[in-house]
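S.K.: The structure under discussion is supplied below as structure tokens; questions concerning it will follow.
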Amino acid sequence: MFSLQTIFGKGDKFYGLLEESAAAARDSAAALRLLVADGADAGMASFTASRQREKALAARISEALINTFVTALDREDIEALNAALYKIPKTVEKFAERYLIVRERVAGVDFAPRAQVLEQSAEVVVQMIGELRRGLRIEPVRKLQDRLQALESEGDRMLLATYRTLYAEGADPMRAILAKDLFELIEKAIDKCRDVGNIVFSIVLKNS
């Protein structure tokens, strides 16, 4: 006797697509870290590729939602995750575009620690998305959510310290403004990781 999952095509394809999307977001964060590393010489290609990959996956998820009668998760949850994951590489690409324009002007400003926090946050996102297919276990997801919150707090602390240094120097106000804009874009990308984590956690709570 066939199950409803077989008849209506439920399966795990949404898990796989969401996992691919999370991996694309992580790859864009890793590319950002390399971009701001000392001596790094990278253009926009890797960032554009990550965003296009994410965009294609988002389209596949949306199409699958239309063509699938029964889904592994609630449709609104899949849609929310799909939208939130796409915003990570989109924000990272925006940082890369601006950074490459003003890189010489902000020479000496250390973006690496914040970029590492972003990459770590994106890695936690990958792990949280992976937990969805493992049975919506609340404790592993809660621990990952706590890790995301700790990374965000660490990023906020680092940002305040950087601002104090930039404003204390005071020699080049425009440099400080440009650096602040770039730091805030990294912060925004970290926030997007947190948003994904919040959605995953709410899904697990709803289904526990």
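S.K.: Give me the pairs: first residue in the stretch 179-208 and in contact (Cβ under 8 Å) with a residue 12 or more places away in the chain and closer than 20 Å to TYR86 by Cβ, second residue part of a helix (DSSP H, G or I) and of a type in the set (S, T, N, Q), beta-carbon distance under 7 Å, and six or more apart or on different chains, which are they?
M.R.: Qualifying pairs under 7 Å: LEU185/THR91; LYS188/THR91; ALA189/THR91; ILE190/SER121; LYS192/THR91; CYS193/SER121; GLY197/GLN145; PHE201/GLN145.
S.K.: Is there a residue in the stretch 136-147 that is part of a helix (DSSP H, G or I) and touching a Pro at 6+ places or on another chain (Cβ under 6 Å)?
M.R.: There is no residue in the stretch 136-147 that is part of a helix (DSSP H, G or I) and touching a Pro at 6+ places or on another chain (Cβ under 6 Å).
S.K.: Taking interchain pairs and intrachain pairs at least six residues apart, which have beta carbon atoms under 6 angstrom, with the first residue in the stretch 46-64 and farther than 15 Å from LYS94 by Cβ and the second open to solvent by 60 Å² or more (accessible area, probe 1.4 Å)?
M.R.: Sorted first by the residue in the stretch 46-64, then by its partner, the pairs are LEU57/GLU20.
S.K.: Let me ask another. Cβ-Cβ distance below 7 Å, separation of 6 or more or different chains: which pairs start in the stretch 1-24 with a residue that is of a type in the set (Gly, Ala, Ser) and end on one that is surrounded by fewer than 17 Cβ atoms within 10 Å (Cβ to Cβ) and at pLDDT below 50?
M.R.: GLY11/GLN5
S.K.: Yes or no: the stretch 40-61 includes at least one residue that is open to solvent by 40 Å² or more (accessible area, probe 1.4 Å), within 13 Å of PHE14 (Cβ to Cβ) and at pLDDT 80 or above.
M.R.: yes
S.K.: Okay, moving on. Examine the stretch 139-152 for a residue that is among the β-branched types (Val, Ile, Thr), touching a Leu at 6+ places or on another chain (Cβ under 8 Å) and closer than 21 Å to ASP12 by Cα, and state whether such a residue exists.
M.R.: There is no residue in the stretch 139-152 that is among the β-branched types (Val, Ile, Thr), touching a Leu at 6+ places or on another chain (Cβ under 8 Å) and closer than 21 Å to ASP12 by Cα.
The values are calculated or read from the model by the stated rules, or taken from the named source; none is laboratory data. The shown structure was predicted, so the numbers you read here are calculated from the model rather than taken from an experiment. Neighbour counts are summed over all protein chains in view; Cβ atoms, including those assigned to glycine, are modelled from backbone coordinates with ideal geometry. Ligands, DNA and RNA are excluded from the accessible area calculation, which covers all protein heavy atoms including side chains. Shrake-Rupley method; radii C 1.70, N 1.55, O 1.52, S 1.80 Å.
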